[in-house]
Amino acid sequence: MTVESGKRQDYIDWDEYFMAVAALAAKRSKDPHTQVGACIVNEQNKIVSTGYNGFPLGCSDDEFPWQRDGDFSMTKYAYVCHAELNAILNNSGQNLKACRIYVVLFPCNECAKAIIQTGIKEVIYLSDKYAKSPNMQASRRMLEAASVKMRQLKVKHKSLTVNLDAEACE
Ligand SMILES: Nc1ccn([C@H]2C[C@H](O)[C@@H](COP(=O)(O)O)O2)c(=O)n1
Ligand SMILES: [Zn+2]
């Protein structure tokens, strides 16, 4: 491989770039246990939308519960809008047909339905920590039946640092 042009060699590839954008979106999540981000990309490798898990508009992060256990209506599970659904809903009216979705955690069954119905053709995920749960199994079953590709991303760069110090850019 020639490096005669002097081109940088340790740049991130498209998959890592879009997954890093998803991971950055996850940093906006207020969920104390699991922060998920998603990034939707079109066939031209342009970002169409991003999202992270959080409560719907008008549902205060300080008033609604972040608990995982107890009565359903007293847990976050009754209220949280998942990263993938937020990314789908945040898109400003573009057709998502043939897009890819990069997501930090494998999509649940409800998000899988939305992914399929919008025409997204590929799910690229990092973690599959809930793979054994019935809702992830249902999700996989639906995505398979709908011929949505699924791929766990194996990255070259496990950690990327973003420097927001203005002086570091000089
Ligand atoms: N693919 C996924 C899976 C989960 N989420 C959200 C829903 C919750 O806010 C959190 C999971 O919480 P845990 O049960 O791990 O305490 O992640 C999502 O946005 N997308
Ligand atoms: Zn979901």
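No lab work stands behind these numbers, since they all come straight from the coordinates. For clarity, every value in this text was computed on a predicted model and none was experimentally measured. Glycine gets a Cβ as well: all are built from the backbone with ideal geometry, and neighbour counts include every protein chain shown.
Worth a mention:
- Placed amide H near Asn53: partners under 5 Å, 5+ positions off or other chain: Val36, Ala83
- In segment 14-152, the DSSP beta bridges split such that about 55 percent are antiparallel, to the nearest 5.
- Inter-label distance for Lys27 and Glu167, nm, one decimal - labels placed 7 Å from Cα along Cα-to-Cβ: 2.0
- In summary, the lysines within cross-link reach of Lys113, defined as a Cα separation below 27 angstrom excluding same-chain residues under 8 places away, comprise Lys27, Lys30, Lys46, Lys76, Lys97, Lys121, Lys129, Lys132, Lys149, Lys154.
- Annotation: for a label point projected 7 angstrom from Cα along Cα→Cβ of Gln9, no residues of segment 115-157 have a backbone N closer than 14 Å.
- Linear extension gain, Ser147 paired with Asp71, 0.36 nm per residue minus alpha-carbon span: 23.7 nm
- When you filter the GluC sites (Glu not before Pro) in segment 45-117 for DSSP loop state and at most 10 other Cβ atoms inside 10 Å of their Cβ, you are left with Glu63.
- Once the convex hull of all Cα atoms in segment 34-170 is built, its volume per residue stands at 164 Å³.
- Rounded to 10°, Cα long-axis angle of helix 14-26 versus longest principal axis of the chain: 40
- Per-residue 3J(HN,Hα) values for segment 139-148, derived from phi via the Karplus relation 6.51 cos²θ - 1.76 cosθ + 1.60 with θ = phi - 60°, read 4, 4, 4, 5, 5, 4, 4, 8, 6, 8 Hz in sequence order (x marks Gly and Pro).
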